[in-house]
Amino acid sequence: MKFQNIVDVKLGNNVKIYDFVNIYGCTIGDNTKIGTFVEIQKGVNIGNNCKISSHTFICEGVTIESEVFIGHNVSFINDKYPRAAKNGRLQTEKDWILEKTIVKKGASIGTSVTILSGITIGKNSIIGAGSVVTRDIPDNVIAFGYPAKAIRTIENK
Amino acid sequence: MKFQNIVDVKLGNNVKIYDFVNIYGCTIGDNTKIGTFVEIQKGVNIGNNCKISSHTFICEGVTIESEVFIGHNVSFINDKYPRAAKNGRLQTEKDWILEKTIVKKGASIGTSVTILSGITIGKNSIIGAGSVVTRDIPDNVIAFGYPAKAIRTIENK
Amino acid sequence: MKFQNIVDVKLGNNVKIYDFVNIYGCTIGDNTKIGTFVEIQKGVNIGNNCKISSHTFICEGVTIESEVFIGHNVSFINDKYPRAAKNGRLQTEKDWILEKTIVKKGASIGTSVTILSGITIGKNSIIGAGSVVTRDIPDNVIAFGYPAKAIRTIENK
């Protein structure tokens, strides 16, 4: 691995991280894989046995429990009304409220999904590719669409 | 910063650019921040005090005024009917018409938004995450959806 | 070119590949251009005179015929129900079924399009930006939306 920025990261055992990544100030559990072109910000917690696919962005305020699949090109959000500037100067961290998101154990987030701020994705649930998640998703459902809605229950894990 | 391709760029004062970027032939104003995995093409103009977030693509023909927030994974477009080839050979710049887009002062473009070619985003307006913008958006509104529609006016800046 | 991971790739004549790419185990035809921040996985076949734009992900199981335009930030999928783990351990390739996708000659895939697994995109068809393609698209149509639907026929190539 030649092209990596990994700074101040607490890595579990047997973590695999590909090239072209920007990862800082976070915790990554055992056996988890991180794809190429991934950015993970400070304060993020990722559990054991997860897959974080390429082109994905995980922002501050996100917790990902164990055995979670995060597809390609997935984006999380932590700010409801983002603004660049305030009173003519660039905003700083003090100007916004961090809204937290959690993805519970065993969930799968499909490719190109966007997850708004302050969301809970339930245990074992699947979010279909291309969805925009605007509200909490319960455990054990398949949800998709813009906005993502639960369309059926998952019977067997 | 170790992994950057920045070629022929006119930089203002106090610009901050992260790693893994491909930026060429454009102008970037004072205090503006450019995130990781960003591509900005020739001829783009970006104002002062902007934030351009990671995984975003800004193509030729786009103007971004001052104090604009561009979220993560945002894509602009400048070609209405893109084709790879014409008469069996690869197309060149001469084969297409550049359609220009402008994002006006103080606007915010949410995460994973796609903006079609030839669009104006009004002053101070907010485009919700995951939206696909197919028509002009007026000043001082919140718009979202596919296609993005104005859903309410912003009272106070 | 300084920042490239290109491993075990069969390249045609006059292929142009930009920086910040992760490309392995695939075949790329004559005159084809590959943009920055692109990942192409093993087993992918790309024809002659194609343009693969920046931030795009092409997974195993995808075939792209000649003269195809793939826009920016396009994602393909090869697994219908992705999961990170099975019985408490990380899944491997043996745990999933590869579903194949083909993009036929002369087609154009717009920016930020997501294409589900097992899809055929017809010859010369155009998929509008931001679409999520959930079913096969016939030859010579313009399709868009979530899910993408054919809205009109292309008269003249």
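Please treat every number below as a calculation from the coordinates, not as lab data. All of these numbers come straight from a predicted model, not from anything done at the bench. In this analysis, Cβ positions are derived from the backbone assuming ideal geometry, glycine residues included, and neighbour counts consider all displayed protein chains.
Figures for the structure shown
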{"item": "Whether chain A is rounded, prolate or oblate, judged on the alpha carbon gyration tensor where a/c under 1.5 counts as rounded", "result": "oblate"}
{"item": "Footprinting exposure proxy for B:C59, A:C26 (fewest neighbouring C-beta atoms within 10 Å first)", "result": "A:C26, B:C59"}
{"item": "Residue pairs, from the table C:K100/C:K149; B:K33/C:K16; B:K33/C:K2; B:K16/C:K51; A:K149/B:K51, whose Cα atoms sit over 26 Å apart", "result": "B:K33/C:K16; B:K16/C:K51; A:K149/B:K51"}
{"item": "For A:N14, inter-copy label distances in nm, listed shortest first [label point 7 Å out on the Cα-Cβ vector]", "result": "4.9, 4.9"}
{"item": "Cα point-scatterer Debye curve for the protein assembly as shown, base-10 log of I(q)/I(0) at q = 0.08 Å⁻¹", "result": "-0.42"}
{"item": "Selection of chymotrypsin sites (Phe, Trp or Tyr not before Pro), region A:37-108, meeting DSSP coil and at most 16 other Cβ within 10 Å", "result": "A:W96"}
{"item": "Relative contact order (%) - chain B, alpha-carbon pairs under 8 angstrom, separation at least six", "result": "13 percent"}
{"item": "Between region B:86-157 and region A:14-88, the Cα center-to-center distance that results, in Å", "result": "27 Å"}
{"item": "Label geometry 7 Å along the beta-carbon vector: B:R152 inter-copy distances in nm", "result": "3.7, 3.7"}
{"item": "For B:D95, label point 7 Å along C-beta direction: distances to other copies, nm", "result": "4.4, 4.4"}
{"item": "Residues with amide H under 5 Å from that of C:I109, placed H, sequence gap 5 or more", "result": "C:F69, C:I70, C:G71, C:I127"}
{"item": "DSSP beta bridges in region C:29-157 [antiparallel fraction, %, rounded to 5]", "result": "20 percent"}
